[in-house]
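Right, one structure below, let's go through it.
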Amino acid sequence: MRSVSVLVFLLLFGLCLAPTRGQEESLPELVTEADLKLLRTSAPQYFKALGASSLNQTDANLIREFMRLQVLQMSMKSNERLLPDIREKLKREIDLRAKPPARDVMLQEIVKNCKLLLKYPLPIRLNAVMLITELNETSGDLAKGIPPAPYQGMTEALLDVIGDPNQHEALKVAAVNGLLRICRDSNPRVDIRLKMAEMLVKELESTTTSEWYRMVAIQTLARTDVLNDAQRRPFVVQKLAEILVDTKQGWRVRADAAYALARVPMDTTINVPLLLHEIARFAHDMSLQYNNTKDAAHWRYCMVRLYLVFRPEDARDTALLDRITRNPLNKFRTEVQGLYDVVLPVINDVIEFVPQQAISAANSTKLKSWIDGNPPANLSVSLDPNVKVKPLRNAG
């Protein structure tokens, strides 16, 4: 049910952003009813191949043909209301019937054929991308708290969707969420994580994307666990800090940037006092604006994100108060604890009271005093003299 509700939400989001392109409607159906009828005659051999401990070439080719036809039937007009059902059937066959040899072939072929659907109308494209993001190498064991391991072979296809300037933003949201799954629930190679981070930073350079897409991209960027680019520049911290101090960004986007900064890797060259100062300034700016528009729906979300800058969301997560117990942030224990002590009352003024009441002047004043008493020595994210990065705009 959750995947269906997500799909409906993405479709509505997509249809609100832009209409489906007219030429998509004239694209040919890639499968016929005759193809599917012929396919069904080979079902016994197909299911036998799925359960085999090893595959011969005939078995592998049969599985490839089944995957091709089952995926590409999404292009058929008669199936336009059955797209989620097609996805679910494929996933069930993988999870319940396929042994590892068959599973490997199925996953590769599903991704390959889903890519052929990425010029079709929005509902087809969206279901194709969602199917890619839902593929698992192993099913996990939810009873033991072991999540399914996402199929890492989906990465390149998702990066292609994200990097395509002509692709619909609703698809990009789904693709970025797929990268988030890979980073969170598996262990991709460092070079793959770097490619993800570079793509997400590039996407965040755009000023025309929706707030929702930027939030999803920021949350995923934090999960890539990447610090430096090939030139040893801390480009992830740099981009997140730029978003945090950019007053043209939405409040929720900036709150997610603060949340992400508390989680991304840092070394001794990162200007932590500058980041703490800017998180404090953001919190103070929110406190002033909140008192003018207390009923705005985004404030509670922003304040919860601000709280999570300091406290981990769950046992698998981290945050500043956790990170100051070990290198390299342990030398900033006093500063982080001091900032938390003045930010928490501001947060509580917002999230503890219904209906909303104003943030007390005393709490705002204490936060402003911390800001004034902890100015950054410079406005560069990197303290390495050999690394050239832009000073933060609007910082200080």
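The values are calculated or read from the model by the stated rules, or taken from the named source; none is laboratory data. This is a predicted model, so every value here is computed, not measured. No Cβ is skipped: glycine too gets one built from the backbone with ideal geometry, and neighbour counts run over all protein chains shown.
Annotations for the structure displayed:
- Scanning region 316-341 for residues that are acidic (D, E) and not in a loop (DSSP other than H, G, I, E, B), we see that the one that is surrounded by the most Cβ atoms within 10 Å (Cβ to Cβ) is E335.
- Failed condition for D95, given (1) closer than 30 Å to N166 by Cβ; (2) modelled with pLDDT under 95: (1)
- For region 212-230, filtered to residues that are touching a residue at least 40 places away in the same chain (Cβ under 8 Å) and in a loop (DSSP other than H, G, I, E, B), the residue that is nearest to I270 (Cα to Cα) is L227.
Here is a yes/no grid of residues against (1) over 23 Å from Y307 (Cβ atoms); (2) in a loop (DSSP other than H, G, I, E, B):
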position	(1), (2)
V343	no, no
D349	no, no
Q357	no, yes
L367	no, no
R393	yes, yes
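- Residues of region 249-300 satisfying the condition of being charged (D, E, K, R) and either at pLDDT below 95 or on the phi > 0 side of the Ramachandran plot (or both): K294, D295
- Test: residue in region 355-372 that is within 22 Å of M266 (Cβ to Cβ) and small (G, A, S): no
- Tally, over region 36-89, of residues that are in contact with a Pro (Cβ under 8 Å, 6 or more places away or on another chain) and within 25 Å of N136 (Cβ to Cβ): 6
- Filter pass, L159 being farther than 22 Å from A222 by Cα and either in a loop (DSSP other than H, G, I, E, B) or in contact (Cβ under 8 Å) with a residue 40 or more places away in the chain (or both): no
- Scanning region 101-152 for residues that are among the polar types (S, T, N, Q), in a helix (DSSP H, G or I) and closer than 30 Å to A315 by Cβ yields a count of 2.
- Residue check, R92 over 16 Å from A157 (Cβ atoms), out of contact with any Pro (no Cβ under 7 Å at 6 or more places or on another chain) and not in a helix (DSSP H, G or I): no
- Residue satisfying all of: in region 212-244; farther than 21 Å from R393 by Cβ and aromatic (F, W, Y); farthest from the chain's Cα centre (by Cα) among these: W212
- Lone qualifier among L131, L142 - being hydrophobic (A, V, I, L, M, F, W, C) and either touching a His at 6+ places or on another chain (Cβ under 6 Å) or surrounded by fewer than 23 Cβ atoms within 10 Å (Cβ to Cβ) (or both): L142
- Residue, surrounded by the most Cβ atoms within 10 Å (Cβ to Cβ), within region 29-84, restricted to residues that are part of a helix (DSSP H, G or I) and small (G, A, S): A49
- Filter pass, V237 being at pLDDT 95 or above, touching a Pro at 6+ places or on another chain (Cβ under 8 Å) and buried (at least 16 other Cβ atoms within 10 Å of the Cβ): no
- Residue that is nearest to A280 (Cα to Cα) [pool: residues in region 345-384 that are within 31 Å of the chain's Cα centre (by Cα) and among the small types (G, A, S)]: S380
- Per-region count, region 191-211, residues in a helix (DSSP H, G or I) and in contact (Cβ under 8 Å) with a residue 12 or more places away in the chain: 14
- Just one residue in the set M130, M199 is closer than 24 Å to R87 by Cβ and not small (G, A, S); that residue is M130.
- Residue check, T155 polar (S, T, N, Q) and crowded, with 19+ Cβ neighbours inside 10 Å: yes
- Selection status of R232, in contact with a helix residue (DSSP H, G or I) (Cβ under 8 Å, 6 or more places away or on another chain), surrounded by fewer than 20 Cβ atoms within 10 Å (Cβ to Cβ) and not hydrophobic (A, V, I, L, M, F, W, C): no
- Matching residues, region 258-283, being in a helix (DSSP H, G or I), closer than 15 Å to V343 by Cα and touching a residue at least 60 places away in the same chain (Cβ under 8 Å): L275, L276, H277, E278, I279, A280, R281, A283
- Residue that is surrounded by the most Cβ atoms within 10 Å (Cβ to Cβ), among those in region 169-183 that are among the hydrophobic types (A, V, I, L, M, F, W, C) and in contact (Cβ under 8 Å) with a residue 60 or more places away in the chain: A174
- The residues of region 194-215 that are over 17 Å from D160 (Cα atoms) and among the hydrophobic types (A, V, I, L, M, F, W, C), listed by number, are W212, M215.
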